[in-house]
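Novice: Sharing a structure here in structure tokens format.
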Amino acid sequence: MPQRFAVIGLDHRHVYEITAYLIEAGMECAGYWPTTSDQGVLDGFRKRFPDLREVADKDALLDDPSIDVIASASIPCDRAPLAIAAMRKGKDVLVDKPGITDFAQMAEVEKAVAETGRIFSVCFSERFQTPSTAQALELVRQGAIGRVIQTVGLGPHRLNRALRPDWFWDAKYYGGVLVDIASHQIDQFLIFTGSTTAEIGTASVGSYAVGGGFEDFGEVTLRGDRGTGYIRVDWFTADGLPTWGDGRLTILGTEGTIELRKYVDIEGRPGGEHLFLVNNQGTQYINCEGRPLEYFRAFAHDVAHRTETAMPQAHCLTVCRLALEAQAQAVRLRA
């Protein structure tokens, strides 16, 4: 009998990929709660998944003992409370990033994980949904660039002002730019350097162009037990770029470097998933498009076997905590 999941929280378009990949991993969708803060997301979900069952009562999904997993891309501040409720009902959880938006939620999620033994997993899509990142991690583990000592992660995004719901503009809902976007780069910093602990060196946020106090720029430096990292995130991707952002990751090793251009190679090769390797043997370009994604199948395996192959629970919680600490320590830059 296939594992079953339900979707609660259709407030961000990332729910499309989460649902599709879980189905691809062999899970059966038992239904979804159609309440949303963004009618466009619900309309898109219905169009993509016309055969899935709508369930008007959210609690009916949470109480259904045949459902193993709750998946969510709800308003960010609602994800942790939903996850806690689901874990208390005996279900594992997969949420869009950011999974946690304040320290009170952090404490309650950690408590629920410890007391229930359920899985709380955050889909850091800039790693789990990009084949080039998986290829880079494989090369690093093979020793292609020696010991990794630093990562530089850049996460520019297009604002798409007209498409954003009201909650998008208020940090009490999304947690701040470092909690929201930089969680991706913190995740990659930890996994590529092999760090299990880290502290925030410096952090800053700015509101330069959008107005209303919306944080459209952020940067962080990190000091881990195995390396250092620099992160810059922003909402300044120009409309002329043919994709939502020019996300890049540079991995510095003692014997070489890897650079990823995940979504576009401007004025270069078509498509995304570009990897550039430089080491003592020379230079190499690897097109990573088509490499299978591993996270969702690994998550399904973990649900069935109570393992941690998709992402160690401690790693997930450490990423969330560091993002909160960076946001809390950030200096607000003056425009």
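Rule-based calculations on the coordinates, nothing more; no lab input. Keep in mind that this is a model prediction, so the values were computed, not measured. FYI the Cβ positions are ideal-geometry reconstructions off the backbone, even for glycines, and counts take in every protein chain you see.
Novice: At most 14 other Cβ atoms within 10 Å and a DSSP loop assignment: could you name the trypsin sites (Lys or Arg not before Pro) in segment 72-150 that fit?
Specialist: Filter output for segment 72-150: ARG147.
Novice: Moving on. Through the Karplus equation 6.51 cos²θ - 1.76 cosθ + 1.60, θ set to phi - 60°, convert the phi angles of segment 282-293 into ³J(HN,Hα) values in whole Hz; use x for Gly and Pro.
Specialist: These are the phi-based 3J(HN,Hα) values: x, 10, 8, 10, 10, 8, 9, 4, x, 5, x, 7 Hz.
Novice: Then there is this: Among DSSP beta bridges lying fully in the chain, give the percent that are antiparallel, nearest 5.
Specialist: Antiparallel bridges: around 60 percent, rounded to the nearest 5.
Novice: What is the extension gain from ALA328 to ILE286, computed as 0.36 nm multiplied by their sequence separation minus the C-alpha to C-alpha distance, in nm to one decimal?
Specialist: Length difference between fully extended and current span is 11.3 nm.
Novice: Hey, another quick one. By how many degrees, 0 to 90 and rounded to 10, does the Cα axis of helix 14-24 deviate from the longest principal axis of the chain?
Specialist: Between the helix axis and the principal axis of the chain, the angle is about 80 degrees.
Novice: What does the extension gain come out to for ASP59 and ARG321, with contour length at 0.36 nm per residue minus their alpha carbon separation? If you can, show how the numbers build up before the last one.
Specialist: Values: separation 262, 0.36 × 262 = 94.32 nm, distance 2.89 nm.
The span from ASP59 to ARG321 would gain 91.4 nm if fully extended.
Novice: Roughly what angle does helix 295-305 make with the longest principal axis of the chain, taking Cα atoms, 0 to 90 degrees, to the nearest 10?
Specialist: Helix 295-305 sits at roughly 50 degrees to that axis.
Novice: For helix 103-116, report the angle its Cα long axis makes with the longest principal axis of the Cα atoms of the chain; keep it between 0 and 90° and round to the nearest 10°.
Specialist: Roughly 60 degrees, rounded to the nearest 10.
Novice: What does the C-alpha gyration tensor say about the overall shape of segment 4-123? Classify as rounded when a/c is under 1.5, otherwise prolate if a/b is larger than b/c, or oblate. Spell out each step's value before the answer.
Specialist: Details: a/c = 1.79, a/b = 1.38, b/c = 1.30.
Taking the square roots of the gyration eigenvalues as a ≥ b ≥ c, segment 4-123 is prolate.
Novice: Still on this structure, please answer the following. Could you go through segment 167-174 in sequence order and give the Karplus-derived ³J(HN,Hα) for each residue, using 6.51 cos²θ - 1.76 cosθ + 1.60 with θ = phi - 60°, rounded to whole Hz, and x for Gly and Pro?
Specialist: Values, residue by residue: 5, 4, 8, 10, 4, 5, 8, 9 Hz.
Novice: Sticking with this one: Helix-only mean residue ellipticity at 222 nm, the chain, DSSP H runs n ≥ 4 weighted -39,500 (n - 2.57), per residue, nearest 500. What is it?
Specialist: -10000 deg cm²/dmol
Novice: While we're here: Can you give me the C-alpha center-to-center distance between segment 146-201 and segment 1-34, rounded to a whole angstrom?
Specialist: Rounded to whole Å, the Cα centres lie 24 Å apart.
Novice: Tell me, what HN-Hα J-couplings in whole Hz come from the Karplus equation 6.51 cos²θ - 1.76 cosθ + 1.60 at θ = phi - 60° for each residue of segment 69-81, using x for Gly and Pro?
Specialist: Values per residue, Gly and Pro as x: 9, 10, 10, 8, 10, 6, 3, x, 5, 8, 5, 5, x Hz.
Novice: So, one more: From a point 7 Å beyond the Cα of THR254 in the direction of its Cβ, which residues of segment 139-161 have a backbone N at a distance under 14 Å?
Specialist: Under cut-off, by backbone N: 143-150.
Novice: Go through segment 43-75 and name the trypsin sites (Lys or Arg not before Pro) that are in a DSSP coil and have 15 or fewer other Cβ atoms within 10 Å of their Cβ.
Specialist: ARG53
Novice: Any chance you could list P(r) for the chain, counting all Cα-Cα pairs in 20 angstrom bins from zero, rounded to whole %?
Specialist: In order of increasing distance, the bins hold 31, 60, 8 percent.
Novice: Rounded to whole Å, give me the distance from the Cα center of segment 273-330 to that of segment 101-137.
Specialist: The distance from the Cα centre of segment 273-330 to that of segment 101-137 comes to 11 Å.
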